[in-house]
Amino acid sequence: MNENFKEVYKQLLTSQDKYVYFLLAATLASIAFAIKESQSLKLDLSQIPLALGVVSWGLSFFLGCRNREYYNSTLFANGELLRIQLGLSPHPDYGNHPDYIQAASEGIKSAIEKNSKKVMMFGRYQTRTFILGALFYIIWHVYEMYLRT
């Protein structure tokens, strides 16, 4: 494979990792900030948008964690696929048997495809729920300002 392609692909994966971890950190910071902002407030119906924001951020964090779980599972499966294709079977009875290599490769490729789709889905919803939480927080903040006037 071309070295330039490998480098670009490596940078893409690194960038995607950083983005997911940024969202995870921003989500936790947002939850902490919302808790700090509302610490001295009495429980009131006007805080429903804030609660919805915190729930959205909690869901975003959960989805980001699921994204990482499926991403790591996909990396592991890719490694196993390479091992099998190189004849480094974990089972000594099968070794370099072509039928075993083909069947195992197809099964692993199918798992990789399913996992990759879940990685993308969880990543999309992680971002969407983070933004939704921010919108709920802004609605709550503007409404609180309105109630004070």
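Read the figures in this text as sums done on the coordinates, not as results from a lab. Keep in mind that what you see is a predicted model, and the values were worked out from it rather than measured. Don't worry about glycine lacking a Cβ; one is built from the backbone with ideal geometry, like all the others, and counts go over all protein chains shown.
Label positions at Phe76 and Thr149, each projected 7 Å from the Cα along the C-beta direction, are separated by 5.5 nm. Cα centroids of segment 21-94 and segment 99-116: how far apart, whole angstrom? Using only Cα atoms to place each centre, the spacing works out to 26 Å.
Angle of helix 48-85 to the longest C-alpha principal axis of the chain, folded into 0 to 90 degrees and rounded to 10: 10°.
Okay, helix-only estimate at 222 nm for the chain: each DSSP H run of n ≥ 4 adds -39500 (n - 2.57), divide by all residues, round to 500 deg cm²/dmol; what do you get? Intermediate results must be reported in sequence, preceding the final value.
Working: 3 runs with 125 residues, N = 149.
Rounded to the nearest 500, the figure is -31000 deg cm²/dmol.
As a proxy for reagent exposure, ranking Arg83, Arg148, Arg66 by other Cβ atoms within 10 Å from fewest up yields Arg148, Arg83, Arg66. Principal-axis analysis of the Cα atoms of the chain puts helix 98-148 at an angle of about 10° to the longest axis. Which lysines have a Cα lying under 23 Å from the Cα of Lys18, excluding residues fewer than 8 positions away in the same chain? Answer for Lys18, where 23 Å is the Cα cut-off: Lys6, Lys10, Lys114, Lys117, Lys118, listed by chain and number.
Between the entries (1) 35, 19, 15; (2) 47, 15, 11; (3) 27, 16, 13, the label attached to semi-axes √(5λ) of the Cα gyration tensor in Å calculated for this structure is (2).
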